[in-house]
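Please treat every number below as a calculation from the coordinates, not as lab data. The shown structure was predicted, so the numbers you read here are calculated from the model rather than taken from an experiment.
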Amino acid sequence: MEQFAAILYNISMSNIPRQFQFLFPSSQVSELRIDKDQNFIIESLLKNATLEAWQWLRKTYSAADIGAVVKSSQNLRKKDVMLWSLVLDIPHKDIACLQTKSPAGLSSSWAY
């Protein structure tokens with residue numbers, strides 16, 4: 001009986017709940033796996049989530065997993081990460097999407 005319960009638990013934990021399909025417009029949630037597609041899922045939910053989806057995110061992934069995506073993603077916007085930087089205590093200097101994309105210099109390629 002315990003083996004059967006473990007199998008059911010693993011099956012249910014391998015999928016994103018169907019009610020979150022609208023948060024993944026370019027993917028089918030039935031094809032996403034919480035272990036293999038971890039970064040994509042976390043990034044998508046950081047950008048598009050509802051409170052319910054954020055609660056699922058926190059139950060499903062560790063703070064370290066979420067923090068790693070917050071720090072490394074170039075696809076997140078400032079507004080996507082500001083709350084999470086506070087919640088996860090991540091300094092702004094460690095978040096890639098908050099860093100300057102190019103060094104300051106001439107505003108034109110023409111040097112008059």
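Results, tabulated for the structure shown:
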quantity	calculated
Gyration tensor (alpha-carbon) shape descriptor, segment 26-81, a/c threshold 1.5	rounded
Of Lys36/Lys79; Lys47/Lys78; Lys47/Lys79; Lys36/Lys78, pairs whose Cα-Cα distance is over 18 Å	Lys36/Lys79; Lys36/Lys78
Residue-by-residue Karplus 3J(HN,Hα) for segment 29-39, coefficients 6.51, -1.76, 1.60, Hz, glycine and proline x	4, 5, 9, 8, 10, 5, 8, 6, 9, 3, 4
Karplus-derived HN-Hα couplings along segment 58-68 (A = 6.51, B = -1.76, C = 1.60, θ = phi - 60°), whole Hz, x at Gly and Pro	5, 6, 8, 10, 6, 4, 5, 5, 5, x, 4
Hits among aspartates and glutamates - C-alpha to C-alpha of Lys71 under 20 Å, sequence gap 8 or more where chains match	Asp35, Asp37, Glu43, Asp80, Asp89, Asp94
